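Just below is one structure, and these are the notes that go with it.
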Amino acid sequence: MHEEALIQDLRRALLRVVEAERGSRLVRATVRVGPLSHLHPEDLKERWGDILKGTPAEGCQLVVVSASDPTDPLAQSVVLESVQLDAQGPTEAESDAKPLPLASPRRA
């Protein structure tokens with residue numbers, strides 16, 4: 001199931017960020033959902049608590065940005081755009097400050 005793979009990729013990406021930051025508590029995650037990703041933002045919001053339950057990211061606030069351009073190269077992806085740890089300011093998901101696509105778009 002493509003949606004489940006996207007969700008698990010998102011979970012792993014969030015936990016990698018927490019681990020890289022020496023176990024800091026994750027406060028907020030901003031996620032962009034592509035219009036062709038097969039993952040509905042409302043479904044992600046409903047499942048958010050269960051996705052992170054029992055992890056260092058449990059209780060993290062989710063901010064979903066719904067992308068609308070189906071011609072965007074990441075239209076089939078879910079992208080972790082940024083996170084906020086503890087009381088610190090936002091931290092980008094990757095060191096080069098580019099969004100982290102969680103799954104490669106399917107090839108037609």
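Results, tabulated for the structure shown:
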item: Å³ per residue enclosed by the Cα convex hull of segment 1-86; result: 82 Å³
item: Peptide ranges 6-15, 29-38, 68-77 listed from the most packed, as the mean C-beta count within 10 angstrom indicates; result: 29-38, 6-15, 68-77
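All of the numbers you see were taken from the coordinates with simple rules; none came from a lab. This structure is a prediction, so every number in the text was calculated from the model and none was measured. Reconstructed Cβ throughout: ideal geometry from the backbone, glycine too, with neighbour counts over all protein chains shown.
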